[in-house]
Amino acid sequence: EEGDALVQMLRVGEVQAQVSLRWYPKFNISSLLICVLGTFITWLSGWISAKAYRKERSKVENNFDTYIEMPPRVQTDSSPAGTNVGDSSHSPVIVNNTSPPLESAIAEIPIASNETEGGANDDSSLRRTEQAEERIGSHEEEEEVLNLNSLHALIFIVAASSMLLILFYTKWYTVVTVFYVIGGVSSMIQVAIRPLLLFSCRSYRPLQNLSRPILRKLPFSVVDIISVLAGAGIGATWLWLWFSRRNNAHTLPFYWIVQDLMGACVCIAFLTVIRMNSIKVGTVLLVTAFVYDIFFVFITPHIFGESIMVTVATGGGQAQDPYYCEKYPSEGDCNNTPLPMLFAIPKINDWRGGLSMLGLGDIVIPGLICCFAARLDSAKHLANSRRAREQTERDGTGEIPNAEEKRACSSRLLSGDFSPIIM
């Protein structure tokens, strides 16, 4: 009735009103920030993924003068006159054709001569052989990775589709959130917290003992315990905010910063463990992911009455009226909170509120291609360094590259496939 009375007063001219649109930014700065964040995470994942190739390339370039390891010349009584153990008549250990991680280990294994009798030489040879075998075993015990194939790509899409349908019908958003936070905290400990603490211990001498095992039988150190406690505290605080302030938790800087940090660590951990080494696999993955997105975003509304992807991502769907939640923030679908499996940055200097969001899948799927390109470029540089070393060996020069040549090699990192894809 009051509204009708006000309209009537406006019609007869008793009251004059001037309506103006409240100012809001035409350009969403947070969208640009979240794009930069996603690009940086993809670049960092590719850089970490190619770390092993860069390390071996550095070894090759810094050891141009080491090619053949010969045992010491020791003349024995049982050896024929003029014959020395380790002479050129015996086959040297040539390591040019071995894999880089094992070169130095195999090169340290001396050649056992049938004419050498027991004694200190045998004991020394045995110890050196055992040390070399331990080094070879340590390389084999490196962090395991999963190389994707076409079947893995199809299984990934089928599993993602099944999970979406299960969440759409069961509404188990709370369970999924709790399990995601557990995984996110674990990734954050592995990728961010523990490496930072170890770096601090190495940089500050009084803290170096904190990185050593507490007991010989327990491979845990004080750094490990502090990392777990810190990660658990951050995750528990984030979950408490998610349960207690679901309507406006995203307005708290701690909430969305921790959510973005967990998402970044999950993406980095995924891209450094799951690897794709074939363009064919990448084509299958991208094509199926394209069909997956199109179906669950644009086709499912015509089948199920609403978009399954949007409903699950927003934690149950949004109100039909875009201004409904502003007028009645505690009613209906306005209680829904987006699932944390995404990057979120609040809109800057915008009275309407809201978030700029980017799903983790939008980083992980193309990130597999970017990491593959980074490893491919680093492998090419490593192969060029090996060829240069072999050429130096054949020429007999034994020259080590100078600083200018190394800077020229480093500048080639900006070329190749990785940088254009990132850009």
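The values are calculated or read from the model by the stated rules, or taken from the named source; none is laboratory data. Computed from a predicted structure; not experimentally measured. Neighbour counts are summed over all protein chains in view; Cβ atoms, including those assigned to glycine, are modelled from backbone coordinates with ideal geometry. Only protein heavy atoms, including side chains, enter the accessible area calculation; ligands, DNA and RNA are left aside. Shrake-Rupley method; radii C 1.70, N 1.55, O 1.52, S 1.80 Å.
General observations
- Residue within the range 179-202 that is touching a Phe, Trp or Tyr at 6+ places or on another chain (Cβ under 7 Å) and part of a helix (DSSP H, G or I) present: yes
Yes/no matrix, rows are residues, columns are (1) of a type in the set (Gly, Ala, Ser); (2) at pLDDT below 85; (3) closer than 21 Å to Gly361 by Cβ; (4) in contact with a Lys or Arg (Cβ under 9 Å, 6 or more places away or on another chain):
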| residue | (1), (2), (3), (4) |
| --- | --- |
| Ser138 | yes, yes, no, no |
| Tyr180 | no, no, yes, no |
| Ile193 | no, no, no, no |
| Tyr204 | no, yes, no, no |
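- Subset of the range 18-40 [among the small types (Gly, Ala, Ser) and in a helix (DSSP H, G or I)]: Ser30, Ser31, Gly38
- Hey, Thr288 touching a residue at least 12 places away in the same chain (Cβ under 8 Å), assigned to a helix (DSSP H, G or I) and hydroxyl-bearing (Ser, Thr, Tyr) or not: yes
- Complete set of residues in the range 183-196 that are out of contact with any helix residue (DSSP H, G or I) (no Cβ under 7 Å at 6 or more places or on another chain) and of a type in the set (A, V, I, L, M, F, W, C): Leu196
- Residue within the range 312-323 that is at pLDDT 85 or above and of a type outside the set (Gly, Ala, Ser) present: yes
- Residues (among the charged types (D, E, K, R) and farther than 19 Å from Phe179 by Cβ) located in the range 211-259: Arg212, Arg216, Lys217, Asp224, Arg245
- From the list Phe168, Phe179, the one residue that fits, being crowded, with 16+ Cβ neighbours inside 10 Å and of a type in the set (Phe, Trp, Tyr), is Phe168.
- Within the range 396-423, tally of residues that are modelled with pLDDT under 80, over 16 Å from Ser58 (Cβ atoms) and open to solvent by less than 30 Å² (accessible area, probe 1.4 Å): 0
- Inspection of the range 248-269 finds a residue satisfying the criterion of being free of Cβ contacts under 8 Å to residues at least 40 places away in the same chain, crowded, with 18+ Cβ neighbours inside 10 Å and out of contact with any Cys (no Cβ under 7 Å at 6 or more places or on another chain).
- Any hit, the range 360-373, residues being closer than 21 Å to Ala160 by Cα, more than 17 Å from the chain's Cα centre (by Cα) and either modelled with pLDDT of 80 or more or in a strand (DSSP E or B) (or both): no
- Single match in Ser278, Ser227, Ser221, Ser244 (criterion: within 23 Å of the chain's Cα centre (by Cα) and modelled with pLDDT under 90): Ser278
- All conditions in (1) part of a loop (DSSP other than H, G, I, E, B); (2) modelled with pLDDT under 80; (3) over 15 Å from Asp260 (Cα atoms) hold for Glu393, with the sole exception of (1).
- Pairs, first farther than 10 Å from Glu56 by Cα and touching a residue at least 40 places away in the same chain (Cβ under 8 Å) in the range 381-394, second open to solvent by 20 Å² or more (accessible area, probe 1.4 Å) and aliphatic (A, V, I, L, M), C-beta under 8 Å, six or more apart: His381/Leu413
- Just one of (1) in a helix (DSSP H, G or I); (2) in contact (Cβ under 8 Å) with a residue 60 or more places away in the chain fails for Arg275. It is (1).
- Single residue of the range 351-371 satisfying the filter (within 17 Å of Trp256 (Cα to Cα) and not hydroxyl-bearing (Ser, Thr, Tyr)) that is most open to solvent (accessible area, probe 1.4 Å): Met357
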